[in-house]
Amino acid sequence: MQGKLIIIEGGDGSGKATQTKLLQEHLQKDGKPVQAVSFPNYDSDSSALVRMYLRGDFGTDADAVNPYAASAFYAVDRFASYQMYWKSFLQNGGVVLADRYTTSNMLYQMIKFNDSAERSAYLDWLEDFEFGKMGLPRPDLVCLLDVPLDVTERLMAGRQGKTGGATGDIHEKNESFLHKCHDAYDELTDRYGWKRIACTEDGRMRSIEDIHADLYRAVTAVLIP
Ligand SMILES: Nc1ncnc2c1ncn2[C@@H]1O[C@H](COP(=O)(O)OP(=O)(O)OP(=O)(O)O)[C@@H](O)[C@H]1O
Ligand SMILES: [Mg+2]
């Protein structure tokens, strides 16, 4: 019996790791078989090209790096993780929680195209490449941790990048990038039916527990009873 693949998607600092961990603990308490993974898998050799890309080895302007090539770097990292750590678990009925997934390629690489026909062609290609040709499983549910742009900008202020740069990696350090990302979240949510989880109220972050309660409700709705 195939299990369920649940994606926790969202911008930098939106609480993906925090919510993934809480959700894992809660589902474990419920007695569900659950495993959590996160992407990129920075600890693995499989993310070598992702790390090179993010620190600017192929060009310090993310826009200048071919989105199809960049997508392949991330997809390969996911393939390695799937094959080695969670393929059989999922196929045997487990619940896999992923902090980022193909959905992050959809976002960060799609926004390199301004033309909507090119965007659509890219998304079609990506779905076929990752889910069709590479055989990665399609998500059963994508939950978007929804943090409005102004709150994201406050969260990002003063933040250090994860891949070594003092001012963030080649994605994080481009300011107009955040605006593009937020527009793209709307576009992708419409296209794929992602489930938005409101993370703010009156311009402030909601409590971790309140966000968790909404996320838990959305996730348990798709789990087999
Ligand atoms: N609802 C919340 N309110 C306030 N702070 C929060 C909330 N959720 C998470 N945080 C804090 O925000 C920071 C970022 O959270 P977390 O690492 O879970 O986000 P992320 O989406 O995984 O970020 P990253 O972009 O680094 O991968 C952490 O210090 C975390 O404790
Ligand atoms: Mg994280």
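None of the figures in this text is laboratory data; all of them are computed from the coordinates on show. Keep in mind that what you see is a predicted model, and the values were worked out from it rather than measured. Note: ideal-geometry Cβ built from the backbone for every residue, glycine included; neighbour counts use all protein chains shown.
Roughly how many Å is it from the Cα centre of region 110-159 to that of region 25-93, as a whole number? The two parts, judged by their Cα centres, are 14 Å apart.
Only the Cβ atoms of Lys and Arg (+1) and of Asp and Glu (-1) were treated as charged; on that basis the dipole of the chain about its Cα centre amounts to roughly 700 debye. Amide H to amide H distances under 5 Å link residue 38 with 99, where only residues 5 or more positions off or on other chains count and H is placed in the peptide plane.
Between amide H atoms placed 1.01 Å from N, distances below 5 Å from residue 10 occur with 145, all of them 5 or more places distant or on a separate chain.
Close amide H partners of residue 93, meaning residues 5 or more places away or on another chain with modelled amide H under 5 Å apart, are 3. Entry note, the chain: the mean residue ellipticity at 222 nm calculated from DSSP H runs of n ≥ 4, each adding -39500 (n - 2.57), is -14000 deg cm²/dmol after division by the residues and rounding to the nearest 500. Find out how many positive minus negative residues lie around residue 3, taking Lys and Arg as positive, Asp and Glu as negative, among other residues whose Cβ is under 14 Å from that of residue 3. Summing Lys/Arg as +1 and Asp/Glu as -1 gives +3. When the listed pairs 21/112; 21/133; 29/133; 112/195; 32/133; 32/180 are checked against a 28 Å cut-off, the alpha-carbon distance exceeds it for 21/112; 21/133; 29/133; 32/133; 32/180.
Dipole of region 4-222 computed with +1 at Lys/Arg Cβ and -1 at Asp/Glu Cβ about the Cα centre; of 92, 108, 132, farthest Cα towards the positive end is 92. Against the compact-protein benchmark of 2.2 N^0.38 Å, the Cα-based radius of gyration of region 4-222 scales to 0.98.
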